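Below is one structure; the comments refer to it alone.
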Amino acid sequence: MDDVSTGAIVPAVVKQPSVDSGSEVDKEVLCPICMGIIKDAFMTSCGHSYCYMCIITHLDHKSDCPCCGAAVTVNQIFPNFLLDKLLKKTTASQVSKSASPLEQFRQALLQGYEVSVKELDTLLSLLSEKKRKLEQEEAERNMQNLLDFLQCLRKKKIDELNEVQSDVHYIKEDISLVEKHRIDLYRAKDRYMAKMRMHAGEVPGSISWSSSSIDKDNSDQLYAYGKAHQGVPVSNMQYINEYGQSQASSLGTQRKEASSGLSSQHTGQSSLAVMKKKRVQSQFNDLQQCYLQKRRHLVNPVQNNDKRDSDVVQREGYSSGLSDFQSVLSTFTQYSRLRVIAELRHGELFHSANIVSSIEFDRDDEMFATAGVSRRIKVFNFSTIVNEPPEAHCPVVEISTRSKLSCLSWNKHTKNHIASSDYEGTVFVWDVNTRQSVMEYEEHEKRVWSVDYSRQEPSMLVSGSDDCKVKIWSTRKESSAMNIDMKANICCVKFNPGSSTHIAVGSVDHHIHYYDLRNTSHPLHIFSGHQKTVSYVKFLSNDELASASTDSTLRLWDVKRYLPVRTFRGHTNEKNFVGLSVNNDFLACGSETNEVYGYHKAISKPLTWHRFGTPNVDDSDDDSGSYFISAVCWKSDSPTMLAANSLGTIKVLVLAP
């Protein structure tokens, strides 16, 4: 027979007060099912007592006694009045023992305990005094709480005031510095314009711009010519006069053209200034936050590699924070749109195999490679795409693969080597010159989403897969050098560009795991903030990491101090891999609205965006939801980027004013 006790299903009831198990009597009053004091005692035909609800629930599922296993039905249980009476007395006794003195006194009064008037007066006096004392203590506590709150509020507001005063002080200092340099620039401009006017007013032969001087020079020329050539026909003298008039007319034309050029130049500069001012006003809150952060030295000052700029800044008297913000403001207002400079087709129109999953520049930015569901790696010459007509837009190398491709990564040291990952879980290293695979790794059990070469150690690669594993590979070995087991699918991996031992891993668990490969038992830090799958991770610098997620946000992290820096919103990304690329101060990503978005790392809203049209189809809202940007890639240290969409269209875009 099965263990009968395991079959009992007990409803969620409040557990009765437990009693001292050391007494035999106490054990007798415990229900064998719920192990609490029996409530509404019922006894079975075999003589065992239970709580009514416990035994009824048990008999709904089984027809036996939980204690002895004897056959029992609902008709064979009866009320145990004697046990009920005993339990009520026991419960009353326990309540009495556990009751407070006040409760015991109240119970005594209710039960008719005799008390004299004098005793009642004494008790009332004591109770009144106790009540007054308690009210006073409560009032004191309330006053203390109020005082603590007000003091805390005052401290907070004083801190805010001090911060605002410091900010105002910084702003005043910076206004004075900027005004001083602005005046210096105006003076330099005036000197330059004066020189230009002076040069524009001079011609060979010391001919002045003034009409009186021109007339005088012409008269002198005629007089001298007449004296030197007496008897010369008047017609010849007339020619000289016409020559003089012609020369004066030419000078007048030059003066008008110069004036017109300066005027149009001023108009163009004025309209450009208005446009920049509008851009600043549209993102004023973000720019304000950026300025205050940098001015309070909450972010890194000017980088060491900008030493030349730093020297200029120190010479001009700028603080590092102001200089850094000036750089942000100048860069941010410099661009307002993405301009198409070239376009190519990756395959047949409206074919699902056109989707480009990855697009990457090589070491020298001379070539770029594309890969996707077409099972081909195509390598193009960037200069040819930009400078030659569309009929010349053919790949210089094309490599066929067994499976759909998810990611590419060029070796930054060996120019002709490129790594790929595919849907079958294989990582390849290819030689694009020979079109042959150099290495082939098949240890992953499921689709590999991401692969990346180390910049510091050219023989090292990292890959991440749906099998929840991160693997480190060496091109000198045929098997993985290291393995990191994780609890969720891996969507993206990336080496820190300044280290061969630090990697960032994006996962379906919404987190970014930052590892030191010298100790992979635990990550150095787990960055949390995304609400959905982390689809891409990219390093802007050794200390800055960008991530993309299907929660329609990008995020910027400080991997040195393990802090979130900024969240970028504007694009739409809820289900597809839409690409992420970074370049110094800029981030770019795709959108499921068939648009590519550009962000400045200091501003949370988009800097600009560009919409891909649908070839041979009206570009309407109905079509925009069907296609999406699938890959993006910046050209190193350049405002130029590549972007591809799900139709296989690849565009070369450049940031423009």
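When you go through (1) among the aliphatic types (A, V, I, L, M); (2) surrounded by fewer than 18 Cβ atoms within 10 Å (Cβ to Cβ); (3) in contact with a Leu (Cβ under 8 Å, 6 or more places away or on another chain) one by one for LEU556, which number turns out not to apply?
So LEU556 meets the others, but not (2).
If LYS131 meets every condition in (1) of a type outside the set (Asp, Glu); (2) more than 30 Å from LYS27 (Cβ to Cβ); (3) open to solvent by less than 90 Å² (accessible area, probe 1.4 Å); (4) assigned to a helix (DSSP H, G or I) apart from one, which number is that one?
Looking at each condition in turn, LYS131 falls short on (3).
Return the pair list, or none, for Cβ contacts closer than 9 Å from residues in segment 326-342 that are within 19 Å of VAL386 (Cα to Cα) to residues that are open to solvent by 60 Å² or more (accessible area, probe 1.4 Å) and polar (S, T, N, Q), at least 6 apart or on different chains.
ALA342/ASN387
For the condition of a type in the set (Ser, Thr, Tyr) and modelled with pLDDT under 95, what is the one hit in SER409, SER450, SER479?
Being of a type in the set (Ser, Thr, Tyr) and modelled with pLDDT under 95 holds for just one of SER409, SER450, SER479, which is SER479.
Report whether or not VAL451 is more than 22 Å from HIS502 (Cβ to Cβ) and assigned by the TED database to the domain that holds ALA369.
For VAL451, the condition - more than 22 Å from HIS502 (Cβ to Cβ) and assigned by the TED database to the domain that holds ALA369 - is not met.
How many residues are within 14 Å of GLY590 (Cα to Cα) and part of a strand (DSSP E or B) when one looks only at segment 625-646?
Total satisfying the criteria: 11.
Pairs needed: first member in segment 492-511, within 13 Å of GLY464 (Cβ to Cβ); second member anywhere, among the charged types (D, E, K, R) and in a strand (DSSP E or B); C-beta distance under 6 Å; at least 6 residues apart or different chains.
Pairs found: VAL493/ASP452; LYS494/ASP452; PHE495/ASP452; ALA504/LYS494.
Residue-by-condition table, conditions (1) more than 21 Å from GLU478 (Cβ to Cβ); (2) at pLDDT 95 or above; (3) assigned by the TED database to the domain that holds LYS471; (4) open to solvent by less than 10 Å² (accessible area, probe 1.4 Å):
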site: ASN387; (1), (2), (3), (4): yes, no, yes, no
site: HIS417; (1), (2), (3), (4): no, yes, yes, no
site: THR426; (1), (2), (3), (4): no, yes, yes, yes
site: TYR441; (1), (2), (3), (4): no, yes, yes, yes
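Quick one: count up the residues across segment 447-502 that are polar (S, T, N, Q) and open to solvent by 50 Å² or more (accessible area, probe 1.4 Å). It would help to see each step written out before you state the result.
Of the residues in segment 447-502, the ones polar (S, T, N, Q) are 450, 454, 456, 459, 463, 465, 474-475, 479-480, 483, 489, 496, 499-501.
The next check asks that each one be open to solvent by 50 Å² or more (accessible area, probe 1.4 Å); those that pass are 456, 479, 483, 489.
Here the count works out to 4.
The values are calculated or read from the model by the stated rules, or taken from the named source; none is laboratory data. All figures in this text were calculated on a predicted structure; none of them were measured in a lab. Virtual Cβ from ideal backbone geometry, glycine too; neighbours counted across all protein chains shown. To get the accessible areas, we keep the full protein, side chains included, count just its heavy atoms, and leave off ligands, DNA and RNA. Shrake-Rupley method; radii C 1.70, N 1.55, O 1.52, S 1.80 Å.
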